[in-house]
Amino acid sequence: MKDLNVLFAGFGGQGILFAGKVAAYVGLLMNKEISWLPSYGPEMRGGTANCTVCISDEEIGAPNVPNPNVFVVMNLPSFDKFIADVESGGTVVIDSSLIDKKVERDDLNVFYVPASEIAEKNNISGLANIVLVGKLFHEMKFASMEMLDKAIEYCVPKSKEKMLDMNKQAARLGACFA
Amino acid sequence: MAVVFQKPKALTDAVMHYCPGCTHGIVHRLVAEVMDELNIEGRAVGIASVGCSVMCYDYFACDMIQAPHGRAPAVATGVKRAKPDSVVFTYQGDGDLAAIGTAETVHAATRGENITVIFINNAIYGMTGGQMAPTTLPGQITQTTPYGRDVETAGNPIRICEMLATLDGVALAQRVNVNDVKNVRLTKKAIKKAFQNQLDKKGFSIVEVLSTCPTNWGLSPVESLKWLEENMMPYYPLGVYKDWEAQK
Amino acid sequence: MKVLMKGNEALAHAAVSAGCRHFFGYPITPQTEISAYMAKTMPKVGGTYLQAESEIAAINMVLGAAAAGVRAMTSSSSPGISLKAEGISYMAGSDLPALIVNVQRGGPGLGGIQPSQSDYWQATKATGHGDFQILVYAPSTVQEMMDMVGHAFDTAEKYRVPAMILADGMLGQMMEPVTLPEEKTAEASSKPWAACGHDNKREHNVINSLYLTPNKLEDLVLERYARYQKIQETEQMAEEYKMEDAEMMIVAYGASARVARGAIMQAREKGIKVGLVRPISLWPFPVDAVRSNGQKVKDILVVEMNMGQMVDDVRLAVECRTPVHFLGRTGGMIPSPIEVLKKIEELASKSK
């Protein structure tokens, strides 16, 4: 398997770190080596947030990846900041309801998903992050929907159990979006 | 033969190093007598602070820990949290408790840390040779206030019991004196109460003892007591500033 | 199945598993999760979590608890460790075992909050005033953040010296899958020296670092140094990676060792025979592993997230017989594997 180095980026509060955690659990469930590294500090408190998830067959060296091969992005500042760093041939998943710019590079596989709009329409607003994760894993053909469900089960805390089905639904909506 | 004088069991046989006329010896003895009377030496842990009384770890027969300057209440907190059944007391001077250790003192007090604090206020740094203490009186001459403490530049003295009495965690804040027999008895009573409060889990108890420092005051032992009565007592009135019992 | 945990949480979890029931802290980034975990967990296991009024108070609470004979710890980050220096020196001078965690950030001063290794000197050379050493461990994975804790407590108690885990913001914040350690229920070793009340059954114990007679103090320091000697002989820890055929050796610890490892994989693909010696104990410095491997190679490259604080230790270990080069980033920057790879290639081409 080719290593997946995924950068999730957006605003604090959009569930960027959570989306990364779900992706990391998918890797864990598939018996891969994984790491999850968040940005931290003042930016967690309302500014931009991002996290890097590495999924590999080999032991992971540095968990900070200057050139990710997958980029999931939920706000314009992060889009502008990181789009040039994505490895050539990499995959980009964009919440197009929040970012109206198009990718100018022609060496990337880009998916525009109006994730926030989709979430809102389906009464699961706030779960655009998982819509994007659903789309990502579907397009990467990396993990089955069942695997994704299982990862979500690990990540949704018991105190928020009612969120479980909503998260699963979000992942499906993302995967089905064409 | 009848015994008329006996060293308390809670004091070791070590010869104390204190200067003639210094009241540390009296206060040590009172603390030891209280330990004997309450039968707590076996579970007592004393915290020695930095200053003249640092070597009290050799004088008290209970287990002892020597703390960094000002940190005795924090060290005491660690011991008490680790061994809640132990009886923990600190023995601190004014520089230690009221200057470098103010934060530790105030926060142990406001947490209501269930410890006993013996505070020796002699208005001067003794061990380092007579510098201005946080409790040095206005106009008082010390090595570092050679023209007398000018409150305009050196600030005002601090009244610890009055300050701590405002805190909810404090069970007892009392200022006493050991200048005469009557006051020595009152001091012992206060110290005993401060330990009893701990046994009864009442919280932070502090007994401030006005004390002499003949060597650094440059006075004879007798003159020192007179100076204390005439100068310190008016600025630091004796009394109970807080007592959980009185507030019931 | 393994569980995903943040380095800081893994460390805190391991401390509780190792029988530590007394944690005294003060908030600072990026060690926050350790305190948060302890605040949540200690009340449930009958332990103490106490947020002190300062770093200074926190370390002195650790001193008190350690003096009373229990496993106690504190955690902080670089500026906070400077404040703890006084207490650490007193603990070393009083022969008290305890655990201090430094999740390093960039400095000096308030510095930044991003990962750094700029406290290597402070940890290994002078954690406070006076003639003393403390044990220093540098985990490199979240699993090691976990595994080092019990080892640090055990070794600290064995030799009666304070121990430090020198992590950094990256290791503290990142998540990796870990295998949870076994629970240690009973209080570890018996501590006949502890000041916890003599119960009228023994002479009083005195925990003290004051000795006004110089020859007595000298004797005590010498006795302590005899213990340090023993530690240096028996407690060195290092990991070797691809050193069998290496012509170049990288020496790196903690987070920068991970970066180095990535670069080594890429360099090997290009046919450069480079390996890694990763110090796990920073004090005692793994002189043996660095020396024996360092004398076999043509070049040594030290990679750190500071301005080269470990370089001298490596030079001394190889007695300057092999050239020692340095690559580092500082201020919270993490070197990239590409940067390290470039340096490896540069050195390899020169030595041809």
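The values are calculated or read from the model by the stated rules, or taken from the named source; none is laboratory data. Keep in mind the model is a prediction, meaning the values are calculated, not measured. Here the Cβ positions follow ideal geometry from the backbone for every residue, glycine too, while neighbour counts run over all protein chains shown. Remember, those area values only see protein heavy atoms, side chains included, never the ligands or the DNA or RNA. Shrake-Rupley method; radii C 1.70, N 1.55, O 1.52, S 1.80 Å.
With a bin width of 5 angstrom, please list the P(r) values of region C:239-351 as percents of all Cα-Cα pairs, from the 0 bin to the one holding the largest distance.
With a bin width of 5 Å, the distribution comes to 2, 13, 27, 28, 20, 8, 1.
Counting only protein chains, not ligands or nucleic acids, how are C:S351, B:S205 ordered by accessible area (probe 1.4 Å), most first? All intermediate terms of the calculation are to be shown ahead of the outcome.
Details: C:S351 50, B:S205 0 Å².
The ordering from most to least exposed comes out as C:S351, B:S205.
Give me, ordered by chain and number, the residues 5 or more places off A:G90 or on other chains with an amide H under 5 Å from its own placed amide H.
Under 5 Å from the amide H of A:G90 lie the amide H atoms of A:N109, each far enough along the sequence or on another chain.
Could you tell me what percent of the accessible area of region C:170-253 is made up of carbon and sulfur, with a 1.4 Å probe and every protein chain present? Walk me through the numbers on the way to the answer.
Details: 2390 of 4690 Å².
The C+S portion of the solvent-accessible surface of region C:170-253 is 51 percent.
Given +1 on the Cβ of Lys and Arg, -1 on the Cβ of Asp and Glu, and no further charges, what dipole in debye does the protein assembly as shown carry about its Cα centre, rounded to the nearest 20? Before the final figure, lay out the partial values.
Details: 76 positive and 85 negative charges, 189 e Å.
About 900 debye.
If you wrap chain C's Cα atoms in a convex hull and average its projection over all directions, what's the area in nm²?
On the way: hull surface 74.8 nm².
Averaging across all directions leaves 18.7 nm² for the Cα convex hull.
For B:M64, which sequence-distant residues (separation of 5 or more, or a different chain) have an amide H within less than 5 Å of its own amide H, given hydrogens modelled in the peptide plane?
It is B:G46, C:N205, C:V206, C:I207, by chain and number.
Give the accessible surface of the protein assembly as shown per residue, rounded to a whole number of Å², with probe radius 1.4 Å and ligands, DNA and RNA excluded. Please list the in-between numbers first.
Numbers: 30360 Å² over 778 residues.
It amounts to 39 Å² per residue over the protein assembly as shown.
Rounded to the nearest 0.05, what FRET efficiency do C:D131 and C:L316 give with R0 = 22 Å and r taken as the Cβ-Cβ distance? Could you check?
Values: r = 19 Å, r/R0 = 0.85.
Efficiency at R0 = 22 Å is approximately 0.70.
Pairing the Cα long axis of helix C:78-93 with the longest principal axis of chain C, what angle in degrees results, from 0 to 90 and rounded to the nearest 10?
Tilt of helix C:78-93: around 60 degrees.
How big is the C-alpha Rg of region B:61-105 next to the rule-of-thumb value 2.2 N^0.38 Å, as a ratio? Display every interim value, and only then the final one.
Working: Rg = 10.6 Å, N = 45, 2.2 N^0.38 = 9.3 Å.
That works out to 1.13 for region B:61-105.
Suppose every K and R has +1 on its Cβ and every D and E has -1 on its Cβ; what is the size of the dipole of region A:4-176 about the Cα centre, in Debye to the nearest 20? It would help to have the intermediate numbers written out before the result.
Values: 16 positive and 21 negative charges, 116 e Å.
Roughly 560 debye, rounded to the nearest 20.
Cα atoms only: what Rg and Dmax, in Å, come out for region C:296-352?
Reported Rg and Dmax, both Å: 11.8, 34.
Could you run the numbers on buried accessible area between B and C, total for both chains, 1.4 angstrom probe, in Å² to the nearest 100?
Working: alone 10990 and 15020 Å², together 23400 Å².
Roughly 2600 Å².
Can you list, largest first and rounded to whole Å, the semi-axes you get for region C:24-115 by taking the square root of 5 times each eigenvalue of its Cα gyration tensor?
Details: eigenvalues 88, 62, 17 Å².
Ellipsoid half-lengths, sorted descending, are 21, 18, 9 Å.
At the nearest 100 Å², what buried accessible area, both sides summed, do you get for C and A when the probe is 1.4 Å? List each step's numbers first, then the result.
Details: alone 15020 and 8880 Å², together 21970 Å².
The C and A chains share an interface burying roughly 1900 Å².
With every protein chain left in place and a probe of 1.4 Å, what is the accessible surface of A:Y154, to the nearest 10 Å²?
Counting only protein heavy atoms, the figure is 110 Å².
For a label point 7 angstrom out from the Cα of B:D168 toward its Cβ, which stretches of region B:95-110 have the backbone nitrogen within less than 12 Å?
The answer is B:110.
B:K226 versus C:K216, label points 7 Å from Cα toward the beta carbon: distance in nm?
Placing both labels 7 Å along Cα→Cβ, they lie 3.9 nm apart.
Measure off, as a whole percent, the carbon and sulfur share of the 1.4 Å-probe accessible area of region B:24-243, all protein chains present.
On the way: 4000 of 7330 Å².
That share works out to 55 percent.
If you count, for every residue in B:32-44, the Cβ atoms of partner chains within 10 Å of its Cβ, what is the mean?
Working: counts 0, 0, 0, 0, 0, 0, 0, 1, 1, 5, 7, 5, 4.
Partner-chain Cβ atoms within 10 Å, mean over residues of B:32-44: 2.
Need the list of aspartates and glutamates near C:K298 for cross-linking: C-alpha distance under 16 angstrom, and skip anything on the same chain fewer than eight residues off.
Of all the aspartates and glutamates, those that pass the test against C:K298 - Cα under 16 Å, at least 8 places apart if same chain - are C:E244, C:D245, C:E247, C:E319, C:E345, C:E346.
With the dipole of the protein assembly as shown worked out from charges on the C-beta (+1 for Lys and Arg, -1 for Asp and Glu) around the Cα centre, which of B:M1, B:I120, B:I65 lies farthest toward the positive end?
The residue sitting farthest along the positive end of the dipole is B:M1.
Once the principal axes of the Cα atoms of chain A are found, what is the range along each, listed largest first in whole angstroms?
Its Cα atoms span 38, 37, 36 Å along the three principal axes.
What is the Rg over Rh value, at two decimals, for region C:271-332, using alpha-carbon atoms and the Kirkwood definition of Rh? Working shown, then result.
Working: Rg = 11.5 Å, Rh = 12.1 Å.
Result for region C:271-332 is an Rg/Rh of 0.95.
Considering every residue in A:56-69, what mean count of other chain Cβ atoms within 10 Å of its Cβ is obtained? If you can, show how the numbers build up before the last one.
Values: counts 0, 0, 3, 6, 6, 12, 15, 13, 10, 3, 5, 2, 0, 0.
Per residue, the average neighbour count from other chains is 5.
How big is D for region A:71-154, in µm² s⁻¹ as a whole number, if Stokes-Einstein is applied with the Kirkwood radius of its Cα pairs at 20 °C and 1.002 mPa s? Provide the component values of the computation, followed by the final result.
Numbers: Rh = 13.5 Å.
Rounded, D is 159 µm²/s.
Mind pulling up the Rg/Rh value for the protein assembly as shown? Radius of gyration and Kirkwood radius, both on Cα. Numbers along the way, then the final one.
On the way: Rg = 30.9 Å, Rh = 29.0 Å.
A ratio of 1.06.
How much of the pair distance distribution for chain B lies past 27 Å, counting alpha-carbon pairs only, in percent?
Details: 8994 of 30628 pairs.
Counting pairs separated by more than 27 Å, the tail of P(r) holds 29 percent.
Taking 7 Å along the Cα-to-C-beta vector as the label spot, tell me the A:K102-B:R185 distance in nanometres, rounded to one decimal.
10.0
Check B:V117: other-chain or 5+ apart residues with amide H under 5 Å from its amide H, H built from backbone geometry?
Result for B:V117 returns B:T90, B:S205, B:I206, B:V207.
Which of the listed residues, B:S205, C:W193, C:A92, is farthest toward the dipole's positive end in the protein assembly as shown, when Lys, Arg count +1 and Asp, Glu count -1 at the beta-carbon?
It is B:S205.
I need the phi-derived Karplus couplings for region C:36-45: 6.51 cos²θ - 1.76 cosθ + 1.60, θ = phi - 60°, integer Hz, Gly and Pro marked x.
Karplus-based 3J(HN,Hα) across region C:36-45 equals 4, 4, 5, 4, 7, 8, 3, x, 6, 10 Hz.
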